[in-house]
1. In the stretch 82-121, how many are surrounded by 14 or more Cβ atoms within 10 Å (Cβ to Cβ), β-branched (Val, Ile, Thr) and either assigned to a helix (DSSP H, G or I) or at pLDDT 95 or above (or both)?
2. Could you check the stretch 52-72 and list, in sequence order, the residues that are within 16 Å of Thr128 (Cβ to Cβ), open to solvent by less than 10 Å² (accessible area, probe 1.4 Å) and among the aliphatic types (A, V, I, L, M)?
3. If the Cβ limit is 7 Å and pairs must be 6+ apart or interchain, which residue in the stretch 14-27 that is on the phi < 0 side of the Ramachandran plot pairs with which residue that is of a type in the set (Asp, Glu) and at pLDDT 85 or above?
4. What number of residues within the stretch 122-137 satisfy the criterion of being open to solvent by less than 100 Å² (accessible area, probe 1.4 Å) and either at pLDDT 95 or above or among the hydrophobic types (A, V, I, L, M, F, W, C) (or both)?
5. Report whether or not Gly6 is exposed (fewer than 14 other Cβ atoms within 10 Å of the Cβ) and touching a Lys or Arg at 6+ places or on another chain (Cβ under 9 Å).
6. What residue, among those in the stretch 15-41 that are in a loop (DSSP other than H, G, I, E, B) and not aromatic (Phe, Trp, Tyr), is most open to solvent (accessible area, probe 1.4 Å)?
Amino acid sequence: ACTLLGLEQAEQIESHYLKGPLFENLVILEIMKGRMNNGLPPYLYFWRDRTGHEVDLIAEWAGKTRAIEIKYNETLHESFMSNIEYLTHIATKHNVTSPMSGYLVYNGHQKGIFNTIQLVPLDAIHTTFIEESILHR
């Protein structure tokens, strides 16, 4: 995608108007690639309701559902969590049987929990999503 957009150096992405979607694509492809390279089906989805709430990635494996929001930003903002919190509220309200966990994959470095959402820096997506799914085969 970067080649088609004429982006030849990493620094060019910083000011490009599509940096967010490119980052989302990178994260989703890395998770998909990691699962498929280990012989696992991706089970990856997108969720959006008619009022405009959306979560970038819904992943289902090992009996759990993961609501994953993906943000290019390095700085955390509480607003990043709102759609995940909305979806988990809806799931709880409608007695969804599969437990749902919320994750924020972002371009920063801080790990841990923010509210109820697990923070996942880009360099930790493999250990957070791929290795976990391999262990629960």
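The values are calculated or read from the model by the stated rules, or taken from the named source; none is laboratory data. Small disclaimer: the values here were computed from a predicted structure and weren't measured. Ideal geometry is used to build each Cβ from the backbone, glycine not excepted, and the neighbour counts take in all protein chains shown. Surface accessibility is based on the protein's heavy atoms, side chains included, excluding ligands, DNA and RNA. Shrake-Rupley method; radii C 1.70, N 1.55, O 1.52, S 1.80 Å.
1. Residues in the stretch 82-121 being surrounded by 14 or more Cβ atoms within 10 Å (Cβ to Cβ), β-branched (Val, Ile, Thr) and either assigned to a helix (DSSP H, G or I) or at pLDDT 95 or above (or both): 5 in total.
2. Leu57, Ala59, Ala67, Ile68, Ile70
3. Here the result reads Glu24/Asp56, each pair linking the stretch 14-27 to a residue that is of a type in the set (Asp, Glu) and at pLDDT 85 or above.
4. 6
5. On the way: exposed (fewer than 14 other Cβ atoms within 10 Å of the Cβ): yes; touching a Lys or Arg at 6+ places or on another chain (Cβ under 9 Å): no.
When the stated conditions are applied, Gly6 does not pass them.
6. Filtering the stretch 15-41 for residues that are in a loop (DSSP other than H, G, I, E, B) and not aromatic (Phe, Trp, Tyr), the one most open to solvent (accessible area, probe 1.4 Å) comes out as Ser15.
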